[in-house]
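What follows draws every value from the coordinates through simple rules; no lab data is involved. A quick note: this is a predicted structure, and the numbers were derived from the prediction, not measured. Here the Cβ is made from the backbone with ideal geometry for all residues, glycine too, and neighbour counts use every protein chain on show.
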Amino acid sequence: MASTTQRRVAVVGSAQTLLADERPDLQHVDLITEVVTRALKGTGIRVEDIDFVIDSGSDFLDGRSISNCGFLGAMAAHHKEESRVEEDGLWALSYAVNKLTAGPASIGLVIGYSKPSEGDVDAFWSGMLEPFLQRPVGLTHETAAGLYAQSYLATAGLNADDLDVVSDSAWRKAAANPRVCAPTPSGDDWRSAVASPLRRSDYARPVDGAVAILLAIEEVAEQTTESPVWVTGVGSAIDQHFLAGREPDTLPAAGYALRSALRMAGLASAADFDIVEVSATSTVGELMVLEALDVAEPYKAIELYRSDDPRINPSGGALPADVIMATGLARLHESVLRLARRGEHHDNTARTALVHGTGGFAMQNHCVVTLEVA
């Protein structure tokens, strides 16, 4: 492994709540407390050892301004340096990695959380739109995904029924994932039209949950765990704000984020990763991400699902469980479990992982992290 950073950083602990449609039995602070406690458990690291905390959440979804101030105690951030990232938790992780590589901090805690069941998800996404030209025409995150899908399917020579293999694969894998509550979809509404050509089955399901990732520099990591998962590369990029200004069926910002992460990791290609965990808000979005990350050739990503490629979202991915502010962080946690051979993955042989998160309206922003174990 090659790296341009001066200090190596590893994931030494991680935890995730059960991801479900709604968790009425638990408040935000309960979800956060659960993952922080479990992420620290068994590491020997105490709350007072943590140098800083970076959390990802949304005031809009939480229903109050500066909502993170109410969770500082649960986040182990009382009387500590704490920062809020109003974006997917994978951006918070990249922020934490930069702080650790720059020094002098040695241990950082990253937390992502949301309870979309208590908010208006449609208003959350539409609220990101420019208010004079885009929002008044009724553009939503669902119709935007439909516009992408129309262009993509036409160019790829596919139809709406072809996308069933993507959603079916995601839900089948999620049903086998003990960290996701994913009952088998049923009912007439499951295949009903939403924004042509996409149907309800093509969209990611918002879920309640939280994820915590404990990071440490090399000197601490090697004393903390026998299987540190090294963060070898990080990259992010942002596309045009106006939907009409973007490419109609590709995601170039995801490609830029990938190349930044590969350059930091000293890698030339994304072809050889053992695990590829990506985020998307729709089936077509997932296909476009895989192509932008050079995991598949342009307009050919569906072949990965037709061949049941085991590398692709072994957790089920974001379609059955989209935590909105923590989905990318959940993808990283799932990768860490496999790389560190934790839990039911004790016999896993994977050594490298490519992790992707997305945010912004219609997947405007992209973050990529590369992981490796010795």
Counting only DSSP beta bridges with both residues in the chain, what percent are antiparallel, rounded to the nearest 5? 70
Lysines near LYS300 by alpha-carbon distance under 22 Å, same-chain residues fewer than 8 away left out - which ones? LYS173
Formal net charge of residues neighbouring SER94 (Cβ-Cβ distance under 12 Å; K, R +1; D, E -1): -1
Over the chain, what is the relative contact order in whole percent, taking alpha-carbon pairs under 8 Å and six or more residues apart? 26
Given the chain, longest segment not containing exposed loop chymotrypsin sites (Phe, Trp or Tyr not before Pro) (DSSP; at most 13 other Cβ within 10 Å): 243-374
Quick one, which of [x] 21.6, 78; [y] 19.5, 65; [z] 19.3, 57 is the actual Rg and Dmax of the Cα atoms in Å calculated for this model? [z]
Highest-first arrangement of 133-140, 246-253, 364-371, 191-198, where packing means the average Cβ count within 10 Å: 364-371, 246-253, 191-198, 133-140
Please work out the Cα center distance from the stretch 119-187 to the stretch 233-311, rounded to the nearest Å. 17
In debye to the nearest 20, the charge dipole size for the stretch 8-148, taken about the Cα centre with +1 at each Lys and Arg Cβ and -1 at each Asp and Glu Cβ, equals 520
